[in-house]
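Shown next, in structure tokens, is the structure this report addresses.
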Amino acid sequence: GHVPVPAAPARPAEAAGKPGDPVPAVTLLDQDGRPLELTSLYDDLAGTGQRPTTSVLEFTEVASTPEVARHLKVTDGSPVVRIVRIRSARGNPIAKMTNYLPADIVGFSQEELEAGGLYDLMRRGGIYLFSATQVVGARSATSEEASLLGEPRGAALLTMERDTMDEGGRIVEF
């Protein structure tokens, strides 16, 4: 999915490389050396007492576009559910999230999504997330994004695209 969030002030780059260069795969470990669980923004915010809330702007079954089909590894035009949400923490909007899921795995409602996190709902539905490929970038906010996030038009945003895989190797979220 796509997650634009307001960016912190720019700092000089400290690592070599150019935008778009591949980053080596890494396994993140906790303080005891165990692999960290794949979590969502909701999980991360809730775990730090941030009181996350979700406003679902769109929850619609659509035909996959070529880009979405490529990410989900499905046939172009396959049914997918497009979910657009605003995530807030402590009453302030912090992210606009757009996710695409294969329609056959969506066993929850818009109302359930507004009350909790996407990954938790997927786990409750028997979908166990295993790994993800993620690309992080930056760009300026569109007028719509700026309005939704309470930022000025053109504000710097961090962006993230993530393809999430279940234990069986199926891509279950873009």
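The values are calculated or read from the model by the stated rules, or taken from the named source; none is laboratory data. Remember, predicted model here, so these are calculated numbers, not experimental data. When we count neighbours, we look across all protein chains shown, and the Cβ atoms used for this are built from the backbone with ideal geometry, even at glycine. When the accessible area is computed, the model is the full protein with side chains, heavy atoms only, and any ligands, DNA or RNA have been set aside. Shrake-Rupley method; radii C 1.70, N 1.55, O 1.52, S 1.80 Å.
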Count of residues meeting criterion [assigned to a helix (DSSP H, G or I), free of Cβ contacts under 8 Å to residues at least 40 places away in the same chain and either open to solvent by less than 20 Å² (accessible area, probe 1.4 Å) or among the aromatic types (F, W, Y) (or both)] in segment 59-73: 1
If you check L148 against the conditions, is it within 24 Å of T53 (Cα to Cα), part of a strand (DSSP E or B), open to solvent by 20 Å² or more (accessible area, probe 1.4 Å) and among the hydrophobic types (A, V, I, L, M, F, W, C)? no
Restricting attention to segment 74-112, and to residues there that are in a helix (DSSP H, G or I) and touching a residue at least 40 places away in the same chain (Cβ under 8 Å), which single residue is most open to solvent (accessible area, probe 1.4 Å)? Q110
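One line per residue, one yes/no per condition, for (1) open to solvent by 80 Å² or more (accessible area, probe 1.4 Å); (2) touching a His at 6+ places or on another chain (Cβ under 7 Å); (3) among the basic types (K, R):
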{"residue": "F130", "(1), (2), (3)": "yes, no, no"}
{"residue": "V136", "(1), (2), (3)": "yes, no, no"}
{"residue": "R139", "(1), (2), (3)": "yes, no, yes"}
{"residue": "T159", "(1), (2), (3)": "no, yes, no"}
{"residue": "M165", "(1), (2), (3)": "no, no, no"}
{"residue": "G169", "(1), (2), (3)": "no, no, no"}
If I ask for residues that are at pLDDT below 95 and either under 15 Å from V84 (Cβ atoms) or among the β-branched types (V, I, T) (or both), which ones from segment 52-72 would you list? T53, T54, S55
